[in-house]
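Since every read-out is calculated from the coordinates, none of them should be taken as a lab result. Values in this document were obtained by computation on a predicted structure and should not be read as measured data. Note that each Cβ is placed from the backbone with ideal geometry, even for glycine, and that neighbours are counted across all protein chains shown.
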Amino acid sequence: MGLLVDTCTFLWLAAADPRLSGAAKSACRDPANEVYLSALSAWEISIKYRIGRLPLPMPPRHYVQSRREWLGLRPLPFDERAVARDDLLPPLHGDPFDRGLVTQAILYGLTIVTPDEAIAGYPAPVLW
């Protein structure tokens, strides 16, 4: 199964945070699944770090790549094919990062691993 972790899921996986659901943890660690981290999540992490809303043990330019590799996640670029699909989504979620993840999940046939209930209203499978 192809999985796309959202930003908080990635951060919780990297920190072994207890807020991560058992189903999400199991699915992301299952070697039969291909698990992706979007470039959008790396960007969101960098922005939140820069404005002081996300403390990290090292700058995001090092943290994201090192944790992604440690967790065995594949990078997923965010390109104009995904951007161009945003206008097809209903206005259920105002966060552009989450909307971008939804477009990527739809485009690439991935299941989004997220606790965000607003994302579940879109036509992309959600696992939590």
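What the table shows:
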read-out: Selection from Leu107, Ala32, Ala15 lying farthest towards where the dipole of the chain points positive, charges on Cβ; value: Ala15
read-out: Full-stretch length increase - Val83, Ser26 - with 0.36 nm per residue and alpha-carbon distance subtracted; value: 17.5 nm
read-out: Global geometry of the range 1-89, whether rounded, prolate or oblate, following the gyration tensor of its Cα atoms and the 1.5 cut on a/c; value: oblate
